[in-house]
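A.B. asks: This structure is in structure tokens; I'll ask about it shortly.
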Amino acid sequence: MPRLSRGRISDEQSAAQRLAEADDKTRHLMTRPLKGIDHVRIIKKPTLVRHERVFALWRKFVAQHPDKDALPSEIKDGAVLPAHDTTKEFIRYMGYTLQGKLGIYVVKNTIRSSLYTFFALWRQRAHLTVPKDYRTRTMDYLNSADFKATSNLTTAAREKATANLVDLEILIRGMLDDKRYIRTHRSRCDVIYSSLISALSSERPGAIVESNCYRGSNEALYWGDHEFWIIPNPNDPLRPFVALVLKINLLKKYRDDDSYFKYFFLIMEPDSHRHVDGLMYALILALKDQIFQDVTTIEEIFFPTHPCTTAHKLAIKESALKQPVCRRQVYGNGKWTTSLDQALAYSAAAHILKQISLFLGFIMWFTFYCFRRCSANNMNAALPEDERRRMMGQDPNSNQFFESYQSRLAAIDLGAILADRHETSPENMHAMKTVMGMSKGRDPNAPISLSVAEINELNADPELVQFRIERKQIVARIKQEEFELMRLLSQEDDEAFEAQQHLILDLRGQVRILDTKHNVIVSRETRAIVTDKRKRYFADASRRILQGITPIERVPLAAVQNIPKAPSTSISTAPGTENVPVASTSGGRRLASTASNDPMDLVRELVYNFTLENAGAPHFVACVNAFLALPERPVPLCFPGESPTAEGRCPVPTCNIECTSALTNHGGLNVASHIHRCLMAQQRTEVKEEAEKSYTPRACDWVGCASKDAVWPSRIAFCEHVEGHVRTVSQGRRSFEKGQRSNLPICRWRNNDGERCEEDDFDDLQLHLAVSHDINVSVEIAVDYCAICGESFVDFDGDGGIWRDHSAEHFETLFAPFNERFEGKVDFAQHGVLHGKDVDNYIEFENGEGFGGERPEFHGHIEHQVPLAPGFCPLCVYNEDLPMEKRMMQFHRNQEFRTHLQRHEREITYDEEPRVCPVPSCGTTTFDSHKLLEHFVEYHRVPICGSTKATKVRRLRLPEGPQPESVFVLPLSKSKGKGRAVEDTALKGVDESESFPTSSTAASKRRIAKRKQKRGRCERCWVQFPMRPFLNLLIFIPNHGNLPRTIPDHV
């Protein structure tokens, strides 16, 4: 058995042993002579940053000084301390050079601190101590009238907000409700827990999360700093008490000294304050990380199997001792997760606090120091001064509390003191605490972004416009140079090819530089404008309240205001029941999609709505289990009425994959589209099986059917058989239209009286059979989804009646009020969109913005492929020649909407006659084709000319103006035929001597050959294309980037 203790050895033996154990590098440092070697003391990273900043200022000062050759530009051993007069000039230089945050000039303390740092630089780098009289002379200049005349230093002080419990409760509720900024549920608990520790212990954020000054150090609060104690309950040994002892090691000035630390308790809060229970969040995170050796569930801690008779500390796994408690969100493999070993950075936590507090309408956003000031003031009132200093981690002689943390506003009723009243009324105390809190004047309607008009005004800045013009010119040149690169592909001049590649890369670099400059100005100005807007908004609050003025809110789309209904039954008014019993699948049916399932709803319900029967430990345990049951990520945005399961998986049992973009992003789908497709497929399968179960074997009633004596055992077989008759009739009708037969085919289905139908006035035989003969012969039962209601509609009849009736209901609500042609002139200038016509030729508006009933809304609200409100075609909605289901076709994806509108765009473009807008409420104003397209884009906001990939706003392209004439004929290859006209200014540089194989001909044999023509894919972009080599390469070259010298096979 190895010995655990060791005997004392001599100093000589100890030295020899340690030299033997050291590696070569360390042994060299332990034994080398130190004569003539200068050393500098180790300074902390924040101090080093300040030293470098002041040293950079000194070098700039020396570079512009008239006697720069006589001044030391480098502060190092051997450098001579400059005269105090020169240091005064350096102070003056800093005074008029440094830029302030509260004003044009910095505050005096900044200059004073920089001067102290300058003295420390000489002590640190040159080993020179600045004499006392030297320091006195320079400080006197800093406080002199001469210096004040040269630098108008500001005396303003930054407002330091102090939060209270009410503010913290509002913030935590906002974090529990948030779906915008927090990516994982684990991070939600991380930010809440770190905020609570700061609010409870007045600890600096750098001791809880990774400090900005120590980026990359991964130093934060570890699980090894937690001690979970189980204390016996004398009244019930099976219901022990639980306490957490927290150790803070990373104290200011002593981060590397383990002998400096502080302890404090976290114990269970009452049920009414469960949302601010630090112990609960600590145990949630601990159980999520499975840090305990002997415990895996919360019940084993609060409801042990064996009675607790002695206080004991839960053992933590060795591997978890150095694991950070609060960890950062990381993105990988198409999903957001929580890192296993990277500590939560202060910048990330502060960003979440800022965004959520602004979203909640606080006048000032939260920082960790708001909580620290709150706790410091509470401790100052409740604890002795030495204890307060110890809890805040301050030196015994420090006055930092009075300078930086003590509230300037004291909650003291001076009237009560004057009148010698010993108690302050609750009303007065409530009024004072309200004014002292950060939630005073809170207004969720306060602006947090720019309006369309403000964005328009900002983008009209001449400098920004010039950036965009230059960018557009460079992009156009890049396209021309890419075509030149194409021409060089067929030549053997490698030097010219490489030079052309470098030219294109340089041009793209210029585009990136312009984008960076543009974005920096826009970002800086946006922050400044929003800050000013909020300041003016809150300054105007008193007037609005006194005059009863309510803030203007964004008008939602009319379709969004339809609340998804509960599952109900709706029977189609159209006749027909198919050949199934009426009680099972007659008419149509309305199916609700999977109910929206947000597990956070249960968490919020448990945390805030406790009951007396569930008070104490049971309530605590239920809340912890609710948090532990949450999936890794919040519920993604999904189709109305749909969501993943509580475990974050696809709700269809046959699929059941984890809902992440890495697993669902195939074929252009995201999580929402995948879930919707799976649910619709499941519903179609279920109704198809239901119809099959209700089917009664029967024979075919088609007169003249060759299989009239056959009894079809399954519905699918019967429908497939009848579809043969449907195809025959359809072919006959097409032959009649071409003049190849003299009469129209008729319906030969037997009526109820056994006679042949002989009806020929129909376009679709399947629909005729459903309407006139009460039979649905479609193999697939139609299931239509309504994004407005979040429900599906099953057409068992086959006549589309239930969907037609439902579409008519939405037409009456959304579009019927605008169905009469307005006899007058409409002011189309009041469109409310941002124009980018100056350079980019687009319009922009806030996604999901409605018109408040002033005009019909066709544009919908489709966000991340999710139809929060579907789009409608303005040219179809009011076309009375179409059936209602076609008029009210819902578009759930922008690409589907755009594809449908392309047909109308071509019709409008080719028709040069002036026409009125098909929307009656637009009046009798006529438009030419170009103006009509502009009208659809600007006024009705439909993407008839295309859209961009902008996500924060909706950005639609305007129709292009007249194009320059640049038509030339591409000569054919050796085959006969006419040339092909191509209109593209970018093709001007193409050598017309090149041969281009044709891909179209009038002969039917050539058409068949074209269909059978082999197709390939590009090696770079994987786009499928027909074998038209050069033309396809011209089409795809802009997306290829830096092309290889070797030409792909299809070229």
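A.B. asks: The conditions are (1) surrounded by 18 or more Cβ atoms within 10 Å (Cβ to Cβ); (2) under 30 Å from Leu765 (Cβ atoms); (3) not aliphatic (A, V, I, L, M), and Phe818 fails exactly one of them. Which is it?
C.D. replies: Status for Phe818: all satisfied but (2).
A.B. asks: Moving on. Quickly run through the stretch 390-440 and pick out the residues that are in a helix (DSSP H, G or I) and acidic (Asp, Glu).
C.D. replies: Initially, the stretch 390-440 is screened for residues in a helix (DSSP H, G or I), giving 390-392, 400-405, 414-418, 426-436.
Hits for the stretch 390-440 are Glu403, Glu427.
A.B. asks: How about the stretch 871-916: which helices (runs of 4 or more DSSP H) wholly inside it have at least 2 residues that are of a type outside the set (D, E, K, R) and out of contact with any helix residue (DSSP H, G or I) (no Cβ under 9 Å at 6 or more places or on another chain)?
C.D. replies: Numbers: elements: 874-877, 884-887, 894-910.
Here the list reads 894-910.
A.B. asks: Exactly one condition in (1) buried (at least 19 other Cβ atoms within 10 Å of the Cβ); (2) out of contact with any Gly (no Cβ under 8 Å at 6 or more places or on another chain); (3) under 27 Å from His676 (Cα atoms) is not met by Gly790; state its number.
C.D. replies: (2)
A.B. asks: On to the next question. Considering each of Asp167, Asp146, Asp177, Asp140 in turn, give the residue that is within 30 Å of Leu353 (Cα to Cα), among the acidic types (Asp, Glu) and either crowded, with 17+ Cβ neighbours inside 10 Å or over 32 Å from the mean Cα position of the chain (by Cα) (or both). Talk me through it step by step, then tell me what you get.
C.D. replies: Values: Asp146 fails: within 30 Å of Leu353 (Cα to Cα); Asp177 fails: either crowded, with 17+ Cβ neighbours inside 10 Å or over 32 Å from the mean Cα position of the chain (by Cα) (or both); Asp140 fails: within 30 Å of Leu353 (Cα to Cα).
Asp167 is the lone residue from the list that is within 30 Å of Leu353 (Cα to Cα), among the acidic types (Asp, Glu) and either crowded, with 17+ Cβ neighbours inside 10 Å or over 32 Å from the mean Cα position of the chain (by Cα) (or both).
A.B. asks: Could I ask something else about it? Determine whether the stretch 962-984 contains at least one residue that is crowded, with 19+ Cβ neighbours inside 10 Å, at pLDDT 50 or above and part of a loop (DSSP other than H, G, I, E, B).
C.D. replies: No: the stretch 962-984 contains no residue that is crowded, with 19+ Cβ neighbours inside 10 Å, at pLDDT 50 or above and part of a loop (DSSP other than H, G, I, E, B).
A.B. asks: Can you name every residue in the stretch 706-717 that is surrounded by fewer than 17 Cβ atoms within 10 Å (Cβ to Cβ) and either touching a residue at least 24 places away in the same chain (Cβ under 8 Å) or within 18 Å of Arg756 (Cβ to Cβ) (or both)? Full working, then the answer.
C.D. replies: Initial filter on the stretch 706-717 (surrounded by fewer than 17 Cβ atoms within 10 Å (Cβ to Cβ)): 706-711, 713-714, 716-717.
Selection gives Ala706, Ser707, Lys708, Asp709, Ile716.
A.B. asks: Residues that are touching a residue at least 40 places away in the same chain (Cβ under 8 Å) and of a type outside the set (Asp, Glu), at least 3 per element: which helices (runs of 4 or more DSSP H) completely within the stretch 277-369 meet that?
C.D. replies: On the way: elements: 278-289, 299-302, 346-359.
Because the criterion is at least 3 residues that are touching a residue at least 40 places away in the same chain (Cβ under 8 Å) and of a type outside the set (Asp, Glu), the helices (runs of 4 or more DSSP H) in the stretch 277-369 that meet it are 278-289, 346-359.
A.B. asks: Which members of the stretch 767-791 meet the condition of being assigned to a strand (DSSP E or B) and either among the aliphatic types (A, V, I, L, M) or modelled with pLDDT of 90 or more (or both)? Let's see the steps before the verdict.
C.D. replies: Here is the first cut: in the stretch 767-791, the ones assigned to a strand (DSSP E or B) are 782-786, 791.
Within the stretch 767-791, Ala782, Val783, Asp784, Tyr785, Cys786 qualify.
A.B. asks: Hey, another quick one. Here are Leu628, Leu612: which of them is open to solvent by 30 Å² or more (accessible area, probe 1.4 Å) and at pLDDT 90 or above? Step through it out loud before you land on a result.
C.D. replies: Working: Leu612 fails: at pLDDT 90 or above.
From the options Leu628, Leu612, the qualifying one is Leu628.
A.B. asks: Take the conditions under 30 Å from Lys517 (Cα atoms) and surrounded by 15 or more Cβ atoms within 10 Å (Cβ to Cβ) and apply them to Glu457. Does it pass?
C.D. replies: No.
A.B. asks: So Asn879 passes all but one of these: (1) among the polar types (S, T, N, Q); (2) closer than 23 Å to Leu958 by Cβ; (3) at pLDDT 90 or above. Which condition number does it fail?
C.D. replies: (2)
A.B. asks: Now a separate question. Exactly one of (1) assigned to a loop (DSSP other than H, G, I, E, B); (2) under 25 Å from Ala541 (Cβ atoms); (3) acidic (Asp, Glu) is unmet by Glu457. Its number?
C.D. replies: (1)
A.B. asks: If you don't mind, there's one more thing I want to ask. Determine whether Arg6 is open to solvent by 100 Å² or more (accessible area, probe 1.4 Å), of a type outside the set (Phe, Trp, Tyr) and in a helix (DSSP H, G or I). Break it down into steps so the answer makes sense when it comes.
C.D. replies: Values: open to solvent by 100 Å² or more (accessible area, probe 1.4 Å): yes; of a type outside the set (Phe, Trp, Tyr): yes; in a helix (DSSP H, G or I): no.
In short, no.
A.B. asks: Just name the residue that is modelled with the lowest pLDDT out of those in the stretch 718-761 that are open to solvent by less than 20 Å² (accessible area, probe 1.4 Å) and either touching a His at 6+ places or on another chain (Cβ under 7 Å) or part of a loop (DSSP other than H, G, I, E, B) (or both).
C.D. replies: Pro745
A.B. asks: Please go through the stretch 298-351 and pick out each residue that is among the aliphatic types (A, V, I, L, M), within 23 Å of His185 (Cα to Cα) and exposed (fewer than 14 other Cβ atoms within 10 Å of the Cβ).
C.D. replies: Within the stretch 298-351, Leu321, Leu340 meet the criteria.
A.B. asks: Go through the stretch 221-280 and report how many residues are open to solvent by less than 20 Å² (accessible area, probe 1.4 Å), closer than 25 Å to Cys623 by Cα and of a type in the set (Lys, Arg).
C.D. replies: Residues meeting the conditions: 1.
A.B. asks: Let me ask something additional. Just the residues that are open to solvent by less than 40 Å² (accessible area, probe 1.4 Å) and either in a loop (DSSP other than H, G, I, E, B) or over 16 Å from Glu755 (Cβ atoms) (or both), please, taken from the stretch 692-702.
C.D. replies: At the first step, the residues of the stretch 692-702 found to be open to solvent by less than 40 Å² (accessible area, probe 1.4 Å) are 694-695, 699-700, 702.
Ser694, Tyr695, Ala699, Cys700, listed by residue number.
A.B. asks: Continuing with this model, one more query. Applying the selection to the stretch 48-78, what residues are hydrophobic (A, V, I, L, M, F, W, C) and either without any contact (Cβ under 8 Å) to a residue 12 or more places away in the chain or open to solvent by less than 20 Å² (accessible area, probe 1.4 Å) (or both)? Show your work before the answer.
C.D. replies: Filtering the stretch 48-78 for residues hydrophobic (A, V, I, L, M, F, W, C) gives 48-49, 54-58, 61-63, 70-71, 75.
Of everything in the stretch 48-78, those that are hydrophobic (A, V, I, L, M, F, W, C) and either without any contact (Cβ under 8 Å) to a residue 12 or more places away in the chain or open to solvent by less than 20 Å² (accessible area, probe 1.4 Å) (or both) turn out to be Leu48, Val54, Phe55, Ala56, Leu57, Trp58, Phe61, Val62, Ala63, Ala70, Ile75.
The values are calculated or read from the model by the stated rules, or taken from the named source; none is laboratory data. Predicted model, so just to flag it, every value in this text is computed and none were measured. Please note: Cβ atoms are built from the backbone with ideal geometry, for glycine as well, and neighbour counts cover all protein chains shown. What goes into the accessible areas is simple: the full protein's heavy atoms, side chains included, and nothing from ligands, DNA or RNA. Shrake-Rupley method; radii C 1.70, N 1.55, O 1.52, S 1.80 Å.
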